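The values are calculated or read from the model by the stated rules, or taken from the named source; none is laboratory data. Values in this document were obtained by computation on a predicted structure and should not be read as measured data. Heads up, the Cβs are rebuilt from the backbone with ideal geometry, glycines too, and the neighbour counts pull from every protein chain shown. The accessibility values were calculated without ligands, DNA or RNA, using every heavy atom of the protein model including side chains. Shrake-Rupley method; radii C 1.70, N 1.55, O 1.52, S 1.80 Å.
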Amino acid sequence: MKKILAKKENTKEAPSFPGVYQFLDKKSEVLYVGKAKNLKNRIKSYFAREINRGVGIEIMVREAKHIKIIECESEIEAVLLEAELIKKLNPKYNIRQKDDKSFSLIEITCDDFPKVLISRFKEFESQKNTSDYFGPYPSGDSLKKSLKYLRKIFPYMDCSKTKYNTYKRKKRFCLYGEIEICTAPCVDRISRLEYRKNINYLKNFLRGGKKKVIKSLEMEMKKYSRRREYEKAQITKIKLEALYHLRDVAVGIRDEFLISENILFNRIECYDISNIGGKYAVGGMSVFVGGERSLSEYRKFKIKTVKGTNDILMLKEIFVRRMRNEWLKPDLILIDGGVSQLRVIQEIVENKKLDIPVVSISKGKKRNKNEFHFSDSPIAKYILKTPSAQKVLIQARDEAHRFSINYYRTLHKKGLFD
């Protein structure tokens, strides 16, 4: 595999071959992993203004500073490598692939004769698992085509226990055994040792170890030849030739933008101040992850440095204190307040050179509205056109308000009896 690291503006270095690309931020952290049948054309498409890429893509591309390009020898290897890297690196903008329950996994069971199956993420989560899993794969169609080809090289069984026992009782194999994409252990056409060796080759290939598999098969072919087991040597030779010609196999990689607009802000932190006349002043932080409350991550703050009534300085205090902690970094900061509150937090964020958008929600003069204010125009564009995003932000704001005012009431009530 050939690897290239290029500035994001320079797409000329990208080869016109299949492969995987990674968008990296200024700290060289991976933001997004994608695959392509033609790396040059795919990467160029991210910078083509005439294509409607969506706000999520615009934000990700703006945040990226470099692109890491990994050239693969075939589309099949690009499909498998993309899934392996997403699993390993957990990129910020690939959350959809990690969380979408409809995405596919390759399951290899732990039976005496392991079965190779395509499972759904939701099936994986709903049962106790002792199988080996590979994925998730965003494109089920590409995965099926890849396995269809690989099964010709590494035949395996995928039948149910009932079907297996039926053919075992009949002492004959099914159609898959007839066309030799299953080695038919049901009729003892292969030993357990040989079958599992074949499955291990497949596992190694799925993990990106094609070179290791080829080397092992070459050694195996020479061994069979020395022993004059020419039929076995010929079978191994056919496997090797199929692996050598993987580049000629197309599995229908579609060049599509897979960043989900709904996960742009997976982690949202919202801040609110509660006090009356500066007494018992407190702050509250609510946290939403994936659009849901994360109650264990809520935090309370007693105001320590601000005397009198000054909500803006109080907000500044609790946010500075929050930033001293090594908690998970938010994807979006939300403030219960107006433009003044937004600006004071935005200034801190910019001084710390953080690339985190800030949004505030004020209730208007009559306290009966939800007026949004933004630090960033692409964020404004996204939120204002996405009612579901507005709903989550309002819920987060309401939670921060509820949490902080309950803390204030607790301290106030306690103070009455001191």
Within the stretch 128-143, considering residues that are assigned to a helix (DSSP H, G or I) and not hydroxyl-bearing (Ser, Thr, Tyr), the one modelled with the lowest pLDDT: 140
Candidate set: the stretch 1-54, residues that are over 23 Å from residue 138 (Cα atoms) and polar (S, T, N, Q); chosen: the one modelled with the highest pLDDT: 28
Subset tally (residues that are part of a helix (DSSP H, G or I) and aliphatic (A, V, I, L, M)) for the stretch 310-358: 13
Complete set of residues in the stretch 267-301 that are open to solvent by less than 50 Å² (accessible area, probe 1.4 Å), among the aromatic types (Phe, Trp, Tyr), in a strand (DSSP E or B) and touching a residue at least 40 places away in the same chain (Cβ under 8 Å): 271, 288
Pick from the stretch 163-184, criterion within 22 Å of residue 153 (Cβ to Cβ) and not in a loop (DSSP other than H, G, I, E, B), ranking: least open to solvent (accessible area, probe 1.4 Å): 177
Flag for residue 146 being of a type in the set (Ser, Thr, Tyr), modelled with pLDDT under 95 and open to solvent by less than 30 Å² (accessible area, probe 1.4 Å): yes
Filter pass, residue 307 being outside any helix (DSSP H, G or I), among the charged types (D, E, K, R) and touching a Phe, Trp or Tyr at 6+ places or on another chain (Cβ under 6 Å): no
Any chance residue 147 is aliphatic (A, V, I, L, M), outside any helix (DSSP H, G or I) and within 23 Å of the chain's Cα centre (by Cα): no
Failed item, numbered, when residue 330 is tested on (1) modelled with pLDDT of 95 or more; (2) under 37 Å from the mean Cα position of the chain (by Cα): (1)
Any hit, the stretch 340-357, residues being open to solvent by less than 40 Å² (accessible area, probe 1.4 Å) and hydroxyl-bearing (Ser, Thr, Tyr): no
Hits in the stretch 88-127 (condition: at pLDDT 60 or above and more than 30 Å from residue 191 (Cβ to Cβ)): 88, 89, 90, 91, 92, 93, 94, 95, 103, 104, 120, 121
Answer residue from the stretch 64-87, given it is in a helix (DSSP H, G or I) and touching a helix residue (DSSP H, G or I) at 6+ places or on another chain (Cβ under 7 Å) and is nearest to residue 207 (Cα to Cα) among those: 80
Within the stretch 240-268, tally of residues that are of a type in the set (D, E, K, R), at pLDDT 75 or above and under 26 Å from residue 149 (Cα atoms): 3
For residue 194: the one exception among (1) under 32 Å from the mean Cα position of the chain (by Cα); (2) over 26 Å from residue 142 (Cα atoms): (1)
